[in-house]
Amino acid sequence: MMRFTLPRDLYYGKGSLEQLKNLKGKKAVLVLGGGSMKKFGFVDKALSYLKEAGIETKLIENVEPDPSVETVMKGAAVMREFEPDWIISMGGGSPIDAAKAMWVFYEYPDTSFEKIIEPFSFPELRQKAKFVAVPSTSGTATEVTAFSVITDYSTGVKYPLADFNITPDIAIVDPQLAETMPPKLVAHTGMDALTHAIEAYVSTLNSPFTDPLALKAIHMVFDYLPDSYGGDNDAREQMHYAQCLAGQAFTNALLGIVHSMAHKTGAAFSTGHIPHGCANAIYLPYVIKYNAKNAESRYADIARSVGINGTDSECVDALCDKIDEYNVKLGIPKTLKEFGILEDEFKEKVSKIAELAVSDACTGSNPRPITPAEMEKLLTCVYYGTEVDF
């Protein structure tokens, strides 16, 4: 038996943030990132709508990019003291992911982070609060997914948490929030959305329910990402919906080793953090070449659906070329070496990173199995830009 789970309600369109005034409750916490939502006036709007709803609100602010275990625990402590019946998070993927994890420790203070690392092991939520997610970036789709990514900075490892319990009750997809994104963030989040959709389509858990969502998201990203990157707000709106469709696909079909690699390399190198969407964009063409031995026809389906013609093999090559072309347009490097990762450090760490990537929760639904030795070989191809021929 398989399962298909989405938020109970999804509100979308310009101005849909106003839906907050219709919530029923007494107290809410509003979990925020680094300040852009305040800067552009969206926090004031949200507080005004919640006041109209008769809801007392407390802010939890300054969730960092790639939120930490420590941030989660501090936020949960604030929630336990304030006792909200709504948890609302507004911003990029980081504050929403953090708020999802805070939710668990608010309702179950005696649980441990180690216990919830195992996929689909969460205790039953909604004992104290429900959850509203309001994304301001167009990539993670965490507003509709059963996932959260939390980083343990003591080890440098990202842990993707997975449980249908943390699928938000309400998603508010208001494209006005996405109009504030700087171009580099548009590029990285847009390619993250494309990766979500492509990995969902070729996942071993793809289904007739997820395939249409994935393909539509792929079409929309290819159609609208360049103009969105250029600052066109109509294209920004369509990208905000595209990433949400991709999220609905991958939360139910799961992902693959592009994400396994991104999770384990993002915080691994001393020369600089690799933004998640940027990492996905770099790895995606290499992984397609690796996976094509088992999923060539699925990748060819994607290619043909966006106007590429030829044999299955030719379609796969052309799809990789198309992704490479988009990466060039968006200023995304082709290799880890070009990104700036030092060769000596890469060689020193690649074996351990490969082991961690293979054990990542996303590896299980990848269309082609992979060993640590193969993963190390694949990461080496990505570092130097060499052909994946194994």
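The values are calculated or read from the model by the stated rules, or taken from the named source; none is laboratory data. What you see is a predicted model; the values in this text were computed from it and never measured. Positions of Cβ are generated from backbone atoms using ideal geometry, with glycine treated the same way; all protein chains shown enter the neighbour counts.
In this structure, is PHE164 assigned by TED's automatic domain parsing to the domain that holds GLN19, farther than 24 Å from LYS216 by Cα and aromatic (Phe, Trp, Tyr)?
Values: assigned by TED's automatic domain parsing to the domain that holds GLN19: yes; farther than 24 Å from LYS216 by Cα: no; aromatic (Phe, Trp, Tyr): yes.
In short, no.
Within the stretch 109-146, count every residue that is more than 11 Å from the chain's Cα centre (by Cα), crowded, with 24+ Cβ neighbours inside 10 Å and among the small types (Gly, Ala, Ser).
Here the count works out to 2.
Residues of the stretch 349-390 being surrounded by 12 or more Cβ atoms within 10 Å (Cβ to Cβ), modelled with pLDDT of 95 or more and charged (D, E, K, R), which ones?
LYS349, LYS352, GLU355, ARG368, GLU374, GLU376, LYS377
Mind checking whether some residue in the stretch 224-237 is in the same structural domain as ALA197 (by TED's automatic domain parsing), within 22 Å of ALA162 (Cα to Cα) and of a type outside the set (A, V, I, L, M)? Break it down stepwise before answering.
As a first pass, look at the stretch 224-237 and keep what is in the same structural domain as ALA197 (by TED's automatic domain parsing): 224-237.
When the remaining residues are screened for being within 22 Å of ALA162 (Cα to Cα), the result is none.
No: the stretch 224-237 contains no residue that is in the same structural domain as ALA197 (by TED's automatic domain parsing), within 22 Å of ALA162 (Cα to Cα) and of a type outside the set (A, V, I, L, M).
So for the stretch 153-160 (the condition being basic (Lys, Arg) and farther than 21 Å from VAL29 by Cα), does at least one residue qualify?
Narrowing the stretch 153-160 to residues basic (Lys, Arg): 158.
Okay, now just the ones that are also farther than 21 Å from VAL29 by Cα, so 158.
Yes, there is a match, as at least one residue in the stretch 153-160 is basic (Lys, Arg) and farther than 21 Å from VAL29 by Cα.
Would you pick out the residues in the stretch 41-61 that are outside any helix (DSSP H, G or I) and either closer than 23 Å to GLU179 by Cβ or in contact with a Ser or Thr (Cβ under 8 Å, 6 or more places away or on another chain) (or both)? Explain how you work it out, then say what you get.
Pass one, the stretch 41-61, residues outside any helix (DSSP H, G or I): 41, 53-61.
GLY41, LEU59, GLU61 - these are the residues of the stretch 41-61 that are outside any helix (DSSP H, G or I) and either closer than 23 Å to GLU179 by Cβ or in contact with a Ser or Thr (Cβ under 8 Å, 6 or more places away or on another chain) (or both).
Keeping to the stretch 24-42, report how many residues are farther than 11 Å from ILE88 by Cα and under 28 Å from the mean Cα position of the chain (by Cα).
Counting residues in the stretch 24-42 that are farther than 11 Å from ILE88 by Cα and under 28 Å from the mean Cα position of the chain (by Cα) gives 10.
Look through GLY247, GLY310 and report the one residue that is surrounded by 24 or more Cβ atoms within 10 Å (Cβ to Cβ) and either more than 14 Å from the chain's Cα centre (by Cα) or under 20 Å from LEU213 (Cα atoms) (or both).
Working: GLY310 fails: surrounded by 24 or more Cβ atoms within 10 Å (Cβ to Cβ).
None of the others qualify; the one that does is GLY247.
So which of ILE332, ILE282 is β-branched (Val, Ile, Thr) and in contact with a Cys (Cβ under 9 Å, 6 or more places away or on another chain)?
Values: ILE282 fails: in contact with a Cys (Cβ under 9 Å, 6 or more places away or on another chain).
The match here is ILE332.
Any residue at all in the stretch 221-234 that's touching a strand residue (DSSP E or B) at 6+ places or on another chain (Cβ under 9 Å), assigned to a helix (DSSP H, G or I) and more than 24 Å from ALA292 (Cα to Cα)? Don't jump to the end; show me each part of the working.
Taking the stretch 221-234 and keeping what is touching a strand residue (DSSP E or B) at 6+ places or on another chain (Cβ under 9 Å), we get none.
Looking through the stretch 221-234, none of the residues is touching a strand residue (DSSP E or B) at 6+ places or on another chain (Cβ under 9 Å), assigned to a helix (DSSP H, G or I) and more than 24 Å from ALA292 (Cα to Cα).
Collect the residues in the stretch 41-97 that are in contact with an Asp or Glu (Cβ under 7 Å, 6 or more places away or on another chain) and either within 18 Å of ARG126 (Cα to Cα) or touching a residue at least 60 places away in the same chain (Cβ under 8 Å) (or both), keeping them in residue-number order. Don't jump to the end; show me each part of the working.
To start, the set of residues in the stretch 41-97 that are in contact with an Asp or Glu (Cβ under 7 Å, 6 or more places away or on another chain) comprises 49, 67, 69, 71, 94, 96.
Across the stretch 41-97, the qualifying residues are PRO67, VAL69, SER94, ILE96.
From the residues in the stretch 292-307 that are in contact with a Pro (Cβ under 8 Å, 6 or more places away or on another chain) and within 20 Å of LEU213 (Cβ to Cβ), which one is surrounded by the fewest Cβ atoms within 10 Å (Cβ to Cβ)?
First pass over the stretch 292-307, keeping only residues in contact with a Pro (Cβ under 8 Å, 6 or more places away or on another chain): 294-295, 298.
Cutting the leftovers down to within 20 Å of LEU213 (Cβ to Cβ) gives us 295, 298.
Working: ALA295: 23, ARG298: 20.
Filtering first and then ranking leaves ARG298.
Within the stretch 191-212, track down each residue that is in a helix (DSSP H, G or I) and buried (at least 24 other Cβ atoms within 10 Å of the Cβ).
MET191, ASP192, ALA193, LEU194, THR195, HIS196, ALA197, ILE198, GLU199, ALA200, TYR201, VAL202
Restricted to the stretch 213-238, and to residues that are among the aliphatic types (A, V, I, L, M) and more than 17 Å from LEU330 (Cα to Cα), which residue is surrounded by the fewest Cβ atoms within 10 Å (Cβ to Cβ)?
Here is the first cut: in the stretch 213-238, the residues among the aliphatic types (A, V, I, L, M) are 213-215, 217-218, 220-221, 225, 235.
Cutting the leftovers down to more than 17 Å from LEU330 (Cα to Cα) gives us 213-215, 217.
Numbers: LEU213: 23, ALA214: 27, LEU215: 20, ALA217: 29.
Per the stated criteria, the residue is LEU215.
Name every residue in the stretch 122-158 that is modelled with pLDDT of 90 or more and farther than 25 Å from HIS240 by Cα, in order of residue number.
Filtering the stretch 122-158 for residues modelled with pLDDT of 90 or more gives 122-148.
PHE122, PRO123, GLU124, LEU125, ARG126, GLN127, LYS128, ALA129 - these are the residues of the stretch 122-158 that are modelled with pLDDT of 90 or more and farther than 25 Å from HIS240 by Cα.
Tell me the helices (runs of 4 or more DSSP H) entirely within the stretch 69-166 that contain at least 2 residues that are touching a Lys or Arg at 6+ places or on another chain (Cβ under 8 Å).
Fully inside the stretch 69-166 and qualifying: 69-82, 93-107.
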